[in-house]
Amino acid sequence: MKYYSRFLESRFLRLKEYFPVVAITGARQVGKTTLIEHCLGNDIRTITFDPVIDIANARAEPEYFLQNNPPPVFLDEIQYAPELLGPIKRYVDKHQKKGGYILSGSQNLSVLKNIAESLAGRAAVLNLMGMSYREITEKLSGPPFLKTWLQNSADISFSVHRTVLPDVFVRRAFYGSYPGTIHIPNDLLTDYWSSYMQTYIERDVRRAADIRQLQTFGKFFKLLAALSGCEINYNQLGRELSIDRNTVVAWTNISKATYQWYTIPAFSRNPIKKIAGKDKGYFGDTGFLCYLLSINSPEAILTHSNHGAVFETYVMLEIMKNLQESGLREQLYHFRTYSGAEVDCIIEYDGRLYLIEIKATSQPKNKHTTGFQSFRTCFPSESIAGELIICAVDEPLQISETCLAIPWWFL
């Protein structure tokens, strides 16, 4: 299978020079192992752990295991051998060697908690998301659009003009961002996601929190997919499945911990009572999302009732990847009033706010800026540096004095 360069490669290699332990986390099949082995090649040995088999007695005899497998070593799926983290800490404290241990894991619950407790100050952690549009199209030269916009929104120029065929979005959204799905034949994609779903529930979910109601969790997971791009009402979800609110919250947290679900908090600066305060959620990959929504072809996205949600999810994930690639320190929020006015994404960067609306339209109009106006009314003292509509327009378009519309593929 062809290897696509990832923008985290250089950051991973730099961190390896300064930290004794580097951990890469992310969803199952997102490309963690491939990235590490591509970067390090024959310079490191790989040991992959298993949830059932205790590979080389790593769980039973962690000290002995490390003696027999000295660094540099790549310990893949470390969540299945958390007993190693304590001995690794003692080793790096004694030897002070940089980049000796490379870890990967697909469960935030077990990996990050144990790393935070056992390897605080000794480990750097990177989260690998699915492949971005820039990575898939192999156009990684130059900074991502959002970095340029955040740092110079008042005077941004477009020296490079690209043209993208109208069907590119639906194909990209349908196939998703996992390396294994990019070039798989359409008739085999359902088999891929069916197997992925079964493995995810049977291995990751079962072990992440000892869930025994796996069939009910599967139904919950599909309902969660249908809510991508929405605020989450835990009580309503619980009623749909005849489970209590605490269980819904716990299962949502498991979906987040296994990198299948991302949440964005509501913006709040002592907000007035007219503002809703629920988190907004997004599914972690649009290909998997289409499978769970029973969308069977790229073209079917356009006529599906969740078309707008699929578009918004795709763009929001690209925004997250843009920001991750940039290495910027920022905060993401959303805004919605009880009357329905909303801003899909608010980026807080260097003390200023950047407002983004995501619309599945090729004809952005002034009416699409009403959420920006409502936000300014609610928060008149905030410093707002820019307004952006990300949509299916063919080329950048100035909607108002403060608002710019851009094609989704600029990200």
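The values are calculated or read from the model by the stated rules, or taken from the named source; none is laboratory data. Model, not experiment: these values are computed from the prediction. So basically every Cβ, Gly included, is an ideal-geometry build from the backbone, and we count neighbours across all protein chains shown. We work out accessible area using only protein heavy atoms, side chains counted, and drop any ligands, DNA or RNA first. Shrake-Rupley method; radii C 1.70, N 1.55, O 1.52, S 1.80 Å.
Just a few scattered comments:
- Considering segment 131-147, the residues that are charged (D, E, K, R) and assigned to a loop (DSSP other than H, G, I, E, B) include one that is nearest to Glu387 (Cα to Cα), namely Lys139.
- So Arg206, is it part of a helix (DSSP H, G or I), open to solvent by 60 Å² or more (accessible area, probe 1.4 Å) and within 25 Å of Pro82 (Cα to Cα): yes
- Filter pass, Gln96 being in contact with a Ser or Thr (Cβ under 9 Å, 6 or more places away or on another chain) and either buried (at least 21 other Cβ atoms within 10 Å of the Cβ) or of a type outside the set (Ser, Thr, Tyr) (or both): no
- Checked against the criterion of being surrounded by fewer than 16 Cβ atoms within 10 Å (Cβ to Cβ) and in contact with a helix residue (DSSP H, G or I) (Cβ under 9 Å, 6 or more places away or on another chain), segment 355-367 has at least one qualifying residue.
- Residues of segment 375-411 satisfying the condition of being closer than 22 Å to Arg171 by Cα, in contact (Cβ under 8 Å) with a residue 60 or more places away in the chain, crowded, with 17+ Cβ neighbours inside 10 Å and not small (Gly, Ala, Ser): Ile390, Ile406, Pro407, Trp408, Trp409, Phe410, Leu411
- Residue pairs meeting the criteria (Cβ under 6 Å; at least 6 apart or on separate chains; first in contact (Cβ under 8 Å) with a residue 12 or more places away in the chain and among the aliphatic types (A, V, I, L, M), in segment 166-185; second crowded, with 17+ Cβ neighbours inside 10 Å and not in a helix (DSSP H, G or I)): Val170/Pro298
- All positions within segment 228-250 that are in a helix (DSSP H, G or I), touching a residue at least 40 places away in the same chain (Cβ under 8 Å) and under 19 Å from Leu293 (Cα atoms): none
- On inspection, Met316 does not qualify as among the aliphatic types (A, V, I, L, M) and open to solvent by 20 Å² or more (accessible area, probe 1.4 Å).
- The strands (runs of 3 or more DSSP E) found wholly in segment 1-96 and carrying at least 1 residues that are within 20 Å of Gly327 (Cα to Cα) occupy 21-25.
- Sole residue being open to solvent by 10 Å² or more (accessible area, probe 1.4 Å), within 26 Å of the chain's Cα centre (by Cα) and among the aromatic types (Phe, Trp, Tyr), chosen from Tyr91, Tyr80, Tyr18: Tyr18
- Number of residues in segment 281-313 that are open to solvent by 50 Å² or more (accessible area, probe 1.4 Å), in contact (Cβ under 8 Å) with a residue 12 or more places away in the chain and polar (S, T, N, Q) equals 1.
- Verdict on Tyr64 being at pLDDT 90 or above, open to solvent by 10 Å² or more (accessible area, probe 1.4 Å) and within 21 Å of Phe12 (Cα to Cα): no
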